1. Relative contact order for segment 39-138: what is it in percent, counting Cα pairs under 8 Å that are at least 6 residues apart?
2. With every protein chain present, what is the per residue accessible area of the chain (1.4 Å probe, Å²)?
3. With the contact rule set at Cα under 8 Å and sequence spacing of 6 or more, what percent relative contact order holds for the chain?
4. Evaluate the Kirkwood expression for the hydrodynamic radius of segment 79-121, namely the inverse of the mean inverse distance over all pairs of different C-alpha atoms, and round to one decimal in Å.
5. Evaluate the relative contact order of segment 135-179 (contact order divided by residue number), counting alpha-carbon pairs under 8 angstrom at least 6 apart; express in whole percent.
6. If you consider only alpha-carbon coordinates, what radius of gyration and Dmax does segment 1-92 have, in Å?
7. How about segment 1-88: which GluC sites (Glu not before Pro) there are in a DSSP loop, with at most 14 other Cβ atoms within 10 Å of their Cβ?
8. I'd like the distance between the alpha-carbon centres of segment 178-194 and segment 127-158, rounded to an integer number of Å.
Amino acid sequence: MLIERERHDGIRDGTITVLFRRWRQRQASAGHVYRTALGRVAVDAIDVVTTAQITDADATAAGYPSAAAAIEDLRGSPGDPVYRLAIRYVPEPDPRDELAATDDLPADELADVAARLARLDRASRTGPWTEAALEIIDRRPAVRAGDLAAELGREVARFKLDVRKLKNLGLTVSLDTGYRISPRGAAYLASRAGERRPGDRQG
């Protein structure tokens, strides 16, 4: 779920508890916790409202000075439904971050990571991609996703989606610009490098 950067601090400190969104199709559900750029955010309730139903109190809870300001800031087509989301910041660490910080991987866990990556490669319509993605992120940390995708000859949106799969495995970390390899990812790459003996012939 995308949340404007200027709202991050207010959500974290609890002064912003409401979001308004104009969506053609609902993109969130009550009772779910979403990973965002500011951390984990829970959606406790969501309902469709008309702009006339947006009150000044709601607007204040969303970080706006008035209902008119909140309405003016709505994006999307005027004909699309407007959703009011009751939200709260979830301070507990993202499980992916805890996974990513683990750099002591026993042999069975390394094998599991390798198997998961192999499944991702097999499921790809464009062929294997995981090794190339990990290698370029390791070699070029904090570089724009668009630049990385261009070097690999890939479409940016698909590349970002694939890197998100690597993040879900705890192998990469998202930065304000680009990505870096996590401690877990570094341990996996080190194990792969160890498998390639100096005298091995490259196929």
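1. On the way: 75 pairs, mean separation 30.1, N = 100.
Answer for segment 39-138 is 30 percent.
2. Working: 11980 Å² over 203 residues.
With all protein chains present, the chain gives 59 Å² per residue.
3. Details: 279 pairs, mean separation 39.6, N = 203.
With pairs under 8 Å counted, the relative contact order is 20 percent.
4. On the way: mean 1/r = 0.0699 Å⁻¹.
This gives a value of 14.3 Å.
5. Values: 32 pairs, mean separation 22.1, N = 45.
This gives 49 percent for segment 135-179.
6. In Å, with Rg to one decimal and Dmax whole: 12.3, 37.
7. Working: sites: E4, E6, E72; in loops: E4.
Filter output for segment 1-88: E4.
8. Taking the Cα centre of segment 127-158 as reference, the centre of segment 178-194 is 15 Å away.
The values are calculated or read from the model by the stated rules, or taken from the named source; none is laboratory data. Keep in mind that this is a model prediction, so the values were computed, not measured. FYI the Cβ positions are ideal-geometry reconstructions off the backbone, even for glycines, and counts take in every protein chain you see. Areas reflect the complete protein model, heavy atoms only, side chains present, ligands, DNA and RNA absent. Shrake-Rupley method; radii C 1.70, N 1.55, O 1.52, S 1.80 Å.
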